[in-house]
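The values are calculated or read from the model by the stated rules, or taken from the named source; none is laboratory data. As the structure is a computational prediction, the values presented were derived from the model and not from experiment. For neighbour counting, all protein chains shown are included, and Cβ atoms are generated from backbone atoms with ideal geometry for every residue, glycine included. SASA here: full protein model, heavy atoms, side chains in, ligands and nucleic acids out. Shrake-Rupley method; radii C 1.70, N 1.55, O 1.52, S 1.80 Å.
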Amino acid sequence: MAIYVSGGAVFTILLISRLLESSMLNAEVKEGEILPPTIHRLMKGYNKYLRPFFDNGPVTVGMSLDIASIDTISEINMDYTATIFLRQRWTDERLVFEGNKSLSLDGRLVELLWVPDTFIVDSKKSFLHDITVENRLIRIFPNGTVLYALRITTTVACNMDLTKYPMDKQTCTLQLESWGYNINDVMFYWTRGNESVSGLDTLQLAQYTVEDHYTSVSEAVYETGNYPRLVFHFQLKRSILYFILETYVPSSLLVVLSWVSFWISLSSVPARICIGVTTVLTMTTLMMGARTSLPNANCFIKAIDVYLGICFSFIFGALIEYAVAHFCSLSHMDSHILMYGHHIHDFDDEMNGIITTISNHNRAKRRKEAAATPAPAPASLELTVSPSSPSGSEPKPEAPPPEPTNWCLTALATVRKVLRAINCCHVENPHHIDNYSRVTFPLSFVMVNLLYWTYYLYF
């Protein structure tokens, strides 16, 4: 009985070993079907966790870029989004094989090979395209050179100086760096120098044109060591035509519209006030609309803000000009009325003087006639003296009534004259203020524009 039990156990062990051998054989067959013989020989003993030339110095990795598109450039977020084809080349001595043709492999086989740990330094978010499969390319050459290409869309930060917006030029960068291998392990280089980056010459952007681009090689210094870095610089110049049609021309026309009030009579108060207030409110709305697409940063006083501020100042100045001219016209009118009152008062005084002179002349004539007649009897003398004053002197003429004092009107006229001298710059006729404004406002605006455009375009 014991012999039968031991024999069954041995039979079971032999059966299990046969099944394991057959499964391993089937796995080898399947692996042979997945990998061609050449690749199968290359992968035999290959360790993807060790870099090439592990004990013989750093591995050199060449880089090249193809800019497929630059989708958006945001001034608010200070970044740009681009789709690029990143190509990396390096030599792996473990992948040398005989032949004269390269091997193009499925991108999913990249999991079996060592690849550089390259990353984009200032990337905010990135992703690898995977429609219909992951957009990867692996190509192995007979001398062991590996070509590894990726299609990536990335959003990269770009520090912008917006002080000359919208006449600004921005220089953005795309920096490639090794994450874990320092310069003792990996060295990066551009395969063809400045020509390693292509696609910018045919690139069409909405608001920018690419003026210049170049490459550079540097090292990133961190606490953990020095790491290789490749930098691609490209300079963008903003197209100003859109902003001229959208902001500069409307704001300039509003300034010209505010000058129309200089040709309207000072007495037309509603018309001039309506033009002034309407242009001020419209300019305010235009200024608010121009700032919606820009970052709300107090550190940036942009060129477009300066121009809108200039236009707003001229429009507000035209409104203040009418207030000054209207006040001066009222003061001028009051001074004429006061002067007319003084003339009437002087005329009354002159007439009173003439009447007094005639009255005195008549009294003197009567006295002469009385002296020329013979003296009457004593009784008549008494009668003559009795109506006179007790001293017997001549009767004096009555004094004219005291002149009314106009010190209030005089003081008010003096204050208004001082204000008129200050506000109207000694302009005798307030209507001349509009005449001067018709010349000074346009000339000043032209001069300010010349200085503005000269400074922001050439300095």
### Unique match (being hydrophobic (A, V, I, L, M, F, W, C) and under 30 Å from Ser178 (Cβ atoms)) among Ala220, Ala303, Ala271, Ala290
Ala220
### Message
Looking at Ile304, Ile264, Ile244 in this structure, which one is among the β-branched types (Val, Ile, Thr) and closer than 16 Å to Ser437 by Cβ?
### Response
Ile264
### Message
Is it the case, given these coordinates, that Ala68 is more than 27 Å from Val186 (Cα to Cα) and either touching a strand residue (DSSP E or B) at 6+ places or on another chain (Cβ under 9 Å) or in a loop (DSSP other than H, G, I, E, B) (or both)?
### Response
yes
### Query
Of these, Leu254, Leu236, which one is under 24 Å from the mean Cα position of the chain (by Cα) and open to solvent by less than 10 Å² (accessible area, probe 1.4 Å)?
Leu236
### Message
Condition check: among the basic types (Lys, Arg), within 21 Å of Tyr189 (Cβ to Cβ), surrounded by 14 or more Cβ atoms within 10 Å (Cβ to Cβ) and over 39 Å from the mean Cα position of the chain (by Cα). Does Arg139 satisfy that?
### Response
yes
### Query
Among Leu174, Leu162, which is the only one that is surrounded by 17 or more Cβ atoms within 10 Å (Cβ to Cβ), modelled with pLDDT under 95 and either touching a Leu at 6+ places or on another chain (Cβ under 8 Å) or under 30 Å from Tyr458 (Cβ atoms) (or both)?
Leu162
### Query
Hey, does the range 76-93 have a residue that's closer than 16 Å to Asp117 by Cβ, in contact with a Pro (Cβ under 7 Å, 6 or more places away or on another chain), modelled with pLDDT of 90 or more and in a loop (DSSP other than H, G, I, E, B)?
yes
### Task
For the range 118-127, state whether one or more residues are without any contact (Cβ under 8 Å) to a residue 24 or more places away in the chain and either in contact with a helix residue (DSSP H, G or I) (Cβ under 7 Å, 6 or more places away or on another chain) or open to solvent by 40 Å² or more (accessible area, probe 1.4 Å) (or both).
no
### Candidates Ile183, Ile131, filtered to the one that is of a type in the set (A, V, I, L, M), part of a loop (DSSP other than H, G, I, E, B) and open to solvent by 60 Å² or more (accessible area, probe 1.4 Å)
Ile131
